[in-house]
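See structure below.
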Amino acid sequence: MTSKMLIACLLLGSLFAQNEVIVLSQKVGTEINVEENLFYRIFPGEKGFVNAQIVQVSNNKFEIRIVKDTNDGPTENIKWISLKEFAALQNYVNGQPDFTAEAKIAMYEGLDYLKAELIVKEIPKPQYVKVKHSSGKKLKGTLIKVDENILHVQTPTSVETVHLRDVDAISYRMTLGEFDYIKPYLFGLSGVVGLVMAQIYNSQRSPLYNEYGIARTDLSRYTQLSGIVIGLIFSSELFDAISTLLTPSETFILSKETYESHQQN
């Protein structure tokens, strides 16, 4: 009777052991998160990786459940590996250094795609940007806002939207350079341009005379003054535009695939 109970307990224990989440390594625990996967490169080819778990299905079969972030939302992909493959993966992870705080800091250096959401949220808006789409398309325009990881870019014809996960790289100016020394020259240039435009207008307009037959030169002076004032009004816009053009832009790589291709080159 005792031997039968022992056998039954062993069988039950074997059944309960199956379909349980298995710890691949003490370095990662029961759930492999994004940072652990990136550091140990356990599943390097999985785009949009969120987390993964390994479940023992039988004595020689393991199920890998990988959650990925796709255009249709979170999805779970299932893969199966043998005991031999599981042991090889386990030995691979165990043979690597621990994921310490120092290792985490070193890993994040230069990996802008890990901070993509924070980067786009911190971009001063409105801001002229150049966006490289994962499809190869390039988008240029003014970034108006970022809502739920969707970038809204104003182009000359329409407002284009692109999801952050589809952005390979983005270029923008983090700050505007100090170019106050050119302000007097721009103000003077704007005033002269306004005066020239007023003179052209006066030359094309038929002269006006008062009731005594004398030409109304005061109207010409008024047009010239108006041209100078309008030129000075637009001088501030001109200064902002030139300051933007003279300031170099920074490019941030926001996709893992683009980063790795640059590293290989």
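General remarks:
- Test result for Asp180, in contact with a strand residue (DSSP E or B) (Cβ under 8 Å, 6 or more places away or on another chain) and either modelled with pLDDT under 85 or surrounded by 14 or more Cβ atoms within 10 Å (Cβ to Cβ) (or both): no
- Test: Phe39 is in contact with a Phe, Trp or Tyr (Cβ under 6 Å, 6 or more places away or on another chain) and either at pLDDT below 90 or over 17 Å from Leu24 (Cβ atoms) (or both): yes
- Evaluated against (1) β-branched (Val, Ile, Thr); (2) buried (at least 16 other Cβ atoms within 10 Å of the Cβ); (3) not assigned by TED's automatic domain parsing to the domain that holds Ile233, Val193 falls short on exactly one condition, (3).
- Failed criterion for Ile105 (all others in (1) surrounded by 11 or more Cβ atoms within 10 Å (Cβ to Cβ); (2) modelled with pLDDT under 90; (3) under 30 Å from His163 (Cα atoms) hold): (1)
- Only one entry of Phe252, Phe239 meets the criterion of being outside any helix (DSSP H, G or I), surrounded by 15 or more Cβ atoms within 10 Å (Cβ to Cβ) and at pLDDT below 85, and that entry is Phe252.
- Long-range neighbours under 6 Å by Cβ, at least six apart or interchain, first residue more than 16 Å from Glu76 (Cβ to Cβ) within segment 17-46, second surrounded by 15 or more Cβ atoms within 10 Å (Cβ to Cβ) and of a type in the set (Asp, Glu): Val28/Glu36
- Selection from segment 63-98 of residues that are aliphatic (A, V, I, L, M) and either surrounded by 15 or more Cβ atoms within 10 Å (Cβ to Cβ) or in a loop (DSSP other than H, G, I, E, B) (or both): Ile64, Ile66, Val67, Ile81, Leu89, Val93
- Verdict on Glu160 being among the acidic types (Asp, Glu), without any contact (Cβ under 8 Å) to a residue 60 or more places away in the chain and surrounded by 15 or more Cβ atoms within 10 Å (Cβ to Cβ): yes
- Against the criterion of being more than 21 Å from the chain's Cα centre (by Cα) and part of a loop (DSSP other than H, G, I, E, B), Phe43 qualifies.
- Any hit, segment 210-218, residues being at pLDDT below 85, more than 44 Å from the chain's Cα centre (by Cα) and assigned to a helix (DSSP H, G or I): yes
- Condition met for Ser135 (of a type in the set (Ser, Thr, Tyr), under 30 Å from Lys47 (Cα atoms) and touching a helix residue (DSSP H, G or I) at 6+ places or on another chain (Cβ under 8 Å)): yes
- Of the residues making up segment 129-141, just one is loosely packed, with under 15 Cβ neighbours inside 10 Å and among the polar types (S, T, N, Q), namely Ser135.
Residue by residue, here is whether (1) out of contact with any strand residue (DSSP E or B) (no Cβ under 6 Å at 6 or more places or on another chain); (2) modelled with pLDDT under 90; (3) aromatic (Phe, Trp, Tyr) holds:
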site: Leu6; (1), (2), (3): yes, yes, no
site: Leu15; (1), (2), (3): yes, yes, no
site: Ser25; (1), (2), (3): yes, no, no
site: Ile32; (1), (2), (3): no, no, no
site: Gly45; (1), (2), (3): yes, yes, no
site: Asn59; (1), (2), (3): yes, yes, no
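The values are calculated or read from the model by the stated rules, or taken from the named source; none is laboratory data. Since we're looking at a predicted model, the values are computed, not measured. When we count neighbours, we look across all protein chains shown, and the Cβ atoms used for this are built from the backbone with ideal geometry, even at glycine.
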